[in-house]
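Novice: Here it is, the structure in full.
The values are calculated or read from the model by the stated rules, or taken from the named source; none is laboratory data. Note that the structure is a prediction, hence the values are computed from the model and not measured. Neighbour counts run over all protein chains shown; Cβ positions are idealised from the backbone, glycine included. Quick note on the areas: whole protein, heavy atoms, side chains included, nothing else; ligands and nucleic acids left out. Shrake-Rupley method; radii C 1.70, N 1.55, O 1.52, S 1.80 Å.
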Amino acid sequence: MDNKKMIKMLFDKGKKAGFEEMEVYIYNKKGLSLKVFKGDVDTFENSVEEGLSFRGLYNNKMGYSYTEKLDESCIDMLIEEAMENAKIIDNDDVDIIFEGSKEYKNVTTYNRDSEKISTEQKIDYLIQLENEIFKKDNRVVAMPYNILEETTNSTIISNTKGLNLEYKSNRVETYAFIDVKEDGDVKAAYRYKVADDLNKIDGKSIAAEIVDEAISMLGATQIKSGKYPIILRADVSAQILRAFAPIFSADNVHKDLSLLKGKIGEKIANPAITIVDDPFMKGGAYTKPFDAEGVASKYKKLVSNGILKTYFHNLKTATKDGVESTGNAYKAAYNSIIDIAPTNMYIEIGKKSLDELIGSVEEGLLIIDVQGLHSGLSTISGDFSVSAYGYEIKQGKIARPVNQITISGNYIEMMKNIEDIGNDLEFVMPSRGYVGSPSLKISSLSVAGE
């Protein structure tokens, strides 16, 4: 059945049943998953995920219901379940069905060029990448992950206040992971890339980067415990920012789950630090014209010159705080509740290259990966302690590989102690937002080693 026809029938029946306002959210995701192993296609999966969520105000309470079946037969079920759901709601939170923003910016979220790349070409890309990696160095012993994921998403929001919005987006992601071995010492490296067109992902560069990095870590040892000047490579800094991104959610602030509670207008980072959320970023994995409530997307500075300017808001948290929504309402899936998340969030770049940052350190560490972020930090205190590896820096040059160390500190203190910012913005794997950062030079962090 045509979506518009179904939505009209749903709203007509819902009105007769006593709903005051209603909204539907329809999400469709088509995916392709490929994995190549030793020259053969190890995984080939096509998938389709589609669903509709319905919510409506019934006796001033918002009821919710969901279905994977988008046809006339599910309409009665959606209405009855939303009514029953509304009857058992016992909180006083204000749920809002939005009438729409004054203006929506035209945003390019779908690249038609990606349609010209055949499945055979995508498989060939992975085979060529695998060949290139093994050709680089005979110490490469395995490539357990050589994956390409492609998704095309479409989102529709329609409600009884006259809101009718729709957009379509696509992206391709590649993930390569290798093992190298020498004299019984095994090291690994990985690279993740995302774009709206596979032609924008350079397999040869990935091969060179990943092999060089894995080989460079052979023979790594610990370093003496102490406080060291630290450079967080761009991808590492982005991983840490992504882990702390929930502290900017107004919902977490209201629930006392964020260390940023009550800090609007206060200094939380070095004055050189500006953190933005840009839903219009060209090629961004979370570029979009509107959020999950239909609020127009907005470019915003969360932190400007070190000062916290705003939290991320949806309509509910914005109403509580007496401010406008920042357009950051988020649904992880069609049947998820409305949450809050960044779009394309990143720290603005500085002027120095990574080599120039390294050259400015007399004795310290360059961290190229951290592990355990899911459990090694607190968004309430800002404290973190994670395992890491990288290189010792001596007299402005990489001296040797270092592993089996733990770096620890407090995120806000670390952001205040940033001494310099790189010009090498990198984004990490999208997860509740697309988060990036340049490399950061920190005056010191605690390092636990030998």
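Novice: Between Met429 and Val186, with labels modelled 7 Å along Cα→Cβ, what's the label distance in nm to one decimal, could you check?
Specialist: 2.0
Novice: Hey, what number do you get for the chain at 222 nm if only DSSP H runs of n ≥ 4 count, each worth -39500 (n - 2.57), divided across all residues, to the nearest 500?
Specialist: About -6500 deg cm²/dmol.
Novice: Quote to one decimal, in nm, the extra length available between Glu209 and Lys267 on full extension: 0.36 nm per residue of separation minus the C-alpha distance between them.
Specialist: My answer for the length gained is 17.2 nm.
Novice: A follow-up question, please. Keeping every protein chain present and rolling a 1.4 Å probe, give me the accessible area per residue for the chain in Å².
Specialist: Per-residue accessible area for the chain comes out at 46 Å².
Novice: Moving on to the next point. Roughly how far apart, in whole Å, are the Cα centres of the range 390-450 and the range 295-354?
Specialist: Taking the Cα centre of each part, the range 390-450 and the range 295-354 sit 24 Å apart.
Novice: Then there's this: Note the angle between two axes, namely the Cα long axis of helix 75-88 and the longest principal axis of the Cα atoms of the chain, as a number of degrees from 0 to 90, rounded to the nearest 10.
Specialist: 80
Novice: A further question follows. Carbon and sulfur: what percent of the chain's accessible surface (1.4 Å probe)?
Specialist: Looking at the chain in its full context, I get 46 percent from C and S.
Novice: Starting from 0.36 nm per residue, how many nanometres of slack lie between Lys13 and Val141 once their C-alpha separation is accounted for?
Specialist: 39.8 nm
Novice: Going through the cross-link list Lys30/Lys301; Lys4/Lys30; Lys122/Lys204; Lys263/Lys301, which pairs have a Cα-Cα distance over 23 Å in this structure?
Specialist: Lys30/Lys301
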